[in-house]
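Okay, structure first, notes after.
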Amino acid sequence: MSKFKLIALDLDGTLLNSRKEISARNLHWIKRAEEAGMIVSFATGRSRFNSEPYWGAVNPGSPMIISNGAEVWRNHRELLARYALPSGEVPKLLTLAREYGVQYWTNGSCGEDGSPLGECLKVGMYDPDLSVIEEIRERVSGWDQFEISSSAANNIEFNRRGVTKASGLAEAAAPLGIKPCEVVAIGDGLNDLAMLQWAGLGVAMENAPGIVKEAADLVTAANDDDGVARVIQSILE
């Protein structure tokens, strides 16, 4: 029997292929893991709304880590914790995005001016010019107010300070009595780094950037070559 009790999967670039689908092979081995008594969970930068179409691939009792850890769901219906950005800081990020003329988005509820219609969980920015993204990173890093990550080379994402996929997984695993050494985390982005280093087995996808692969314990095949299925199969067999 495997020593691992929980498998945490990133979605984009990891479980999902280039067509944003979960392959039949990945789905098969997720079910095999669950049949063996393991919990399979998602840890994604996506919002609940944008990730929920895939939730049916796993048991509805499994915890979910959403918006880079800003939302932690005990199961598919019960919210365990939510960590919004400080409402007064969101307008600063949106003003910066407009200053640079980059595309931006938010997870959660906030107005175009950053006003708190509800709780803003994450702000993301995108530009095809990597130098622009890097300049924004340097400026905001100097503010020392946000957790800064990215899910692709040409974007940057801002969460509340201290909020990561690792912090979300730790909060979800604790009530289940699951230790970090009993967790497998699989991902491909800079926003996965913290959880790959936190988990007992951190696995990077072949399509991940070098810094992510260097931080991982293991590198599996790319997302278009069923890398997730290969890891689960190796654990179970």
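The values are calculated or read from the model by the stated rules, or taken from the named source; none is laboratory data. Here the structure is a predicted model, which means the values were calculated and not measured. Every residue, glycine among them, receives a Cβ derived from its backbone with ideal geometry; neighbour counts consider all protein chains shown.
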Scope segment 35-49; condition at pLDDT 95 or above and surrounded by fewer than 17 Cβ atoms within 10 Å (Cβ to Cβ); matching residues: Glu35, Ala36, Gly37
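When the residues of segment 80-108 are filtered to those that are part of a loop (DSSP other than H, G, I, E, B) and without any contact (Cβ under 8 Å) to a residue 40 or more places away in the chain, which remaining residue is farthest from Arg48 (Cα to Cα)?
Per the stated criteria, the residue is Gly101.
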Residue list for segment 87-124, restricted to those being modelled with pLDDT of 90 or more, farther than 20 Å from Ser141 by Cβ and out of contact with any strand residue (DSSP E or B) (no Cβ under 6 Å at 6 or more places or on another chain): Gly101
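So which of Gly124, Gly177, Gly187 ends up being closer than 30 Å to Leu236 by Cβ and touching a Ser or Thr at 6+ places or on another chain (Cβ under 9 Å)? Can you show your working first?
Numbers: Gly124 fails: closer than 30 Å to Leu236 by Cβ; Gly177 fails: touching a Ser or Thr at 6+ places or on another chain (Cβ under 9 Å).
Just a single option satisfies the conditions, and that option is Gly187.
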Sole exception among (1) under 25 Å from Pro86 (Cβ atoms); (2) touching a residue at least 24 places away in the same chain (Cβ under 8 Å); (3) not in a strand (DSSP E or B) for Asp144, by number: (2)
Among the candidates Ile136, Ile186, residue that is part of a helix (DSSP H, G or I), in contact with a strand residue (DSSP E or B) (Cβ under 8 Å, 6 or more places away or on another chain) and of a type outside the set (Gly, Ala, Ser): Ile136
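Which residue, of Ala174, Ala166, is hydrophobic (A, V, I, L, M, F, W, C), surrounded by fewer than 15 Cβ atoms within 10 Å (Cβ to Cβ), modelled with pLDDT of 95 or more and part of a helix (DSSP H, G or I)? Can you show your working first?
Numbers: Ala166 fails: surrounded by fewer than 15 Cβ atoms within 10 Å (Cβ to Cβ).
Answer to the selection: Ala174.
Over 30 Å from Ser2 (Cα atoms) and either in contact with a His (Cβ under 8 Å, 6 or more places away or on another chain) or of a type in the set (A, V, I, L, M) (or both): which single residue out of Ala185, Ala153, Ala194, Ala166 fits that description? Before you say what the answer is, go through the steps one by one.
Details: Ala185 fails: over 30 Å from Ser2 (Cα atoms); Ala194 fails: over 30 Å from Ser2 (Cα atoms); Ala166 fails: over 30 Å from Ser2 (Cα atoms).
Only one candidate passes the filter, namely Ala153.
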Every residue from segment 202-237 that is crowded, with 17+ Cβ neighbours inside 10 Å and either at pLDDT below 95 or among the polar types (S, T, N, Q) (or both): Asn207, Thr220, Asn223
Contacts under 6 angstrom Cβ, first residue in segment 1-12 being assigned by TED's automatic domain parsing to the domain that holds Trp198, partner buried (at least 22 other Cβ atoms within 10 Å of the Cβ) and acidic (Asp, Glu), 6 or more apart: Asp10/Asp192
Among residues of segment 202-237, those that are within 16 Å of the chain's Cα centre (by Cα) and closer than 15 Å to Val40 by Cα, counted: 3
Which numbered condition Lys20 misses (of (1) in a loop (DSSP other than H, G, I, E, B); (2) among the basic types (Lys, Arg); (3) modelled with pLDDT under 95): (3)
